[in-house]
Amino acid sequence: MWWSLANITAITPVICFQAQLQLALFQQQPQQILSMEQFETNQQDALNQYLAGSSGESEMIEDTGAWDNYRASYRPLVEFALSHQFTRDCGQCTGRYRTLCGPRRAAHY
């Protein structure tokens, strides 16, 4: 598998399934775009800097406000996409727009 065996204890069954699925999809169609809910669209520059090697992982995590479970849940997919030169896309809309769609939206009008 493509994730580090040293980190296997941190990988949950769901993440393990996602990793296996991603690998199977990659083998069938190597040209992919990975859209990540972990990162908001306004954080794309910080993610791109990390992926280009212009910043380190800790800096990227701080700059993007990555979730606490980034290393255990998202890092394996980010690193897989990085090593296979996928396009990586911040897939979550920014918080200010999410609030317009949620149950509290009436307060914003």
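The values are calculated or read from the model by the stated rules, or taken from the named source; none is laboratory data. For clarity, every value in this text was computed on a predicted model and none was experimentally measured. Every residue, glycine among them, receives a Cβ derived from its backbone with ideal geometry; neighbour counts consider all protein chains shown. Ligands, DNA and RNA are excluded from the accessible area calculation, which covers all protein heavy atoms including side chains. Shrake-Rupley method; radii C 1.70, N 1.55, O 1.52, S 1.80 Å.
A few comments on the model shown:
- For region 3-29, a residue qualifies if it is open to solvent by 60 Å² or more (accessible area, probe 1.4 Å) and either touching an Asp or Glu at 6+ places or on another chain (Cβ under 7 Å) or modelled with pLDDT under 70 (or both), and the qualifying residues are L5, A6, N7, I8, T9.
- Of all residue pairs spaced 6 or more apart or on separate chains, those with beta-carbon atoms under 9 Å, a first member in region 48-68 that is under 20 Å from F80 (Cβ atoms) and modelled with pLDDT under 90 and a second member that is outside any loop (DSSP other than H, G, I, E, B) and among the basic types (K, R) are N48/R88; L51/R88.
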